[in-house]
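What follows draws every value from the coordinates through simple rules; no lab data is involved. Small disclaimer: the values here were computed from a predicted structure and weren't measured. No Cβ is skipped: glycine too gets one built from the backbone with ideal geometry, and neighbour counts run over all protein chains shown.
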Amino acid sequence: MEDKLTNNRTNLLKNARRIVIKAGSGILTGDNGFNSTIINSLTNDICDLRSRGFEIILVSSGAIAAGMKKMGYEKKPDGISEKQAMAAIGQSRLMMAYEKAFGRHGVTVAQILITRDDLNNRRRYLNARNTIFTLLSWGIIPIINENDTVVIDEIKFGDNDNLSAMVANMTESNLLAILTDIDGLYDDDPRTNKNAKLIPLINKISSSHFQSATSVPGALGTGGMASKIAAARKATLKGIPVIITNGYTKNIIRKIMKGEETGTLFLPQTKAVCGRKHWIAFTRAIKGKIIIDDGAVKALIKNGKSLLPSGVIGVSGRFNRGDSVQIVDRNGNETAVGMVDYSSSELDIIKGLNSRKIEEMLGFKHNDEIIHRDNLLITSGQDGDETCQ
Ligand code: GLU
């Protein structure tokens, strides 16, 4: 079993050249500020890989945590503007720590702060991408964080796990390594269940993986394991393997690249989801929810159909035509994500009705479908078999 896993990893990583490493706040922060042991070990590994021709992009959390340490806060403040203020205080300290650590190796780093809005906008997306590629071609390590001080909730990535998956996709990287404070994904929460077992390999992410993960982060983190699995799904659906592992392990990056068995490896999906559907489901902010009946679930999952108003039983949140929304079954399980053709208030009027009634009820009709199949990504069960028309 071990050998097979190790082979699996070695094969997978054989041709990896560009790697995104995400380091979480929990591992980067120590009692008196930054955890210099971790930062130095990470820096050593990154510089080692860089000298062997790898291109490394670091997505680093830790700004809010560093701000908290500076200001003597034990707990994250609740208010958004306080968190943003903490990030403003901590971000420069974070970069200073990296400047120092990488400086010892004579390696230059560059700070990139982005928001989800930047990736939604094609021109800004391309600008960010070109800048990263230029830095890499100069041998510089881009260090990316969310631009916490300017974002409001609905345009936030929310957590850097999500951001790191988007960066991996944007830069067509060959591996995403998420470094956290536990060994990987367990079949239960290891903080509460001593018998929980680490899952070394995941072929395909399913809803049971989300169920065994907790969304409760450590004191300094944001997303918990659930957001890491969501990030893994985003990246693997684009054909990028993901490793979630313990960032406290010495020389963890070197170990990963040697194919050593560590953490949980999520295999890339061979039939990657096409870019447009991926963008609809994973890059854009999700603005609301459409609840559908069992017949509609079957029509979407089994029969490859579009979503019609007749299958809609409820709407939650406020959204406009063209927004991305989540489609859930009666029990709240996600079935799909799609770009909707009617606003939430219009949907409230036409839900449950035959498409023939749309015009009569609204006085106009965009389409028979609420969400056309071309704008819909099925996210429950069957991954990566969605082609773009
Ligand atoms: N951007 C946040 C920070 O630097 C981190 C978000 C996260 O923990 O995922 O503190």
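Here are the numbers for this structure:
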read-out: GNM flexibility winner over the chain from Tyr73, Tyr125, Tyr186 (Cα, springs under 10 Å); value: Tyr73
read-out: Other-chain or far-sequence residues with amide H under 5 Å of Ile327's (modelled H); value: Ile290, Thr335, Ala336, Val337, Gly338
read-out: Spacing of the two label points (7 Å from each Cα toward its C-beta) at Met361 and Lys271, in nm; value: 3.3 nm
read-out: Cβ-based net charge around Glu55, under 15 Å, with every Lys or Arg adding one and every Asp or Glu removing one; value: +2
read-out: Ranked Phe364, Phe54, criterion: other C-beta atoms within 10 Å, fewest first; value: Phe364, Phe54
read-out: Given Lys76/Lys351; Lys194/Lys287; Lys197/Lys238, the pairs whose alpha carbons are separated by over 32 Å; value: Lys76/Lys351; Lys194/Lys287
read-out: For the chain, alpha-carbon Rg over 2.2 N^0.38 Å; value: 1.02
read-out: Of the DSSP H helices in the chain, those whose Cα atoms cover at least 18 Å axially and whose Kyte score averages 1.6 or more; value: none
read-out: Residues Ser173, Ser355, Ser344, sorted so that the one with the fewest Cβ neighbours within 10 Å comes first; value: Ser355, Ser344, Ser173
read-out: Of Ser208, Ser227, Ser81, the one that fluctuates the most in a GNM where the chain has Cα springs shorter than 10 Å; value: Ser208
read-out: Extension gain (nm, one decimal) between Asp368 and Thr149, 0.36 nm per residue minus Cα-Cα; value: 74.6 nm
read-out: For segment 203-212, Karplus couplings with θ = phi - 60° (6.51, -1.76, 1.60), whole Hz, Gly/Pro x; value: 6, 8, 6, 10, 5, 5, 5, 5, 5, 7
read-out: Too-long pairs where the Cα-Cα distance tops 23 Å, listed order kept, from Lys228/Lys271; Lys22/Lys100; Lys70/Lys255; Lys100/Lys228; value: Lys70/Lys255; Lys100/Lys228
read-out: Segment 81-118-segment 326-364 distance, computed between alpha-carbon centres (Å); value: 43 Å
read-out: Debye, to nearest 20: dipole size of segment 103-153, +1 on Lys, Arg Cβ, -1 on Asp, Glu Cβ; value: 280 debye
read-out: Calculated [θ] (222 nm, deg cm²/dmol) that DSSP helices of n ≥ 4 give over the chain, each run adding -39,500 (n - 2.57); value: -11000 deg cm²/dmol
read-out: For Asp188, net neighbour charge (Lys/Arg +1, Asp/Glu -1) across residues whose Cβ lies under 13 Å away; value: +1
read-out: Percentage relative contact order, the chain, counting C-alpha pairs under 8 Å, at least six apart; value: 15 percent
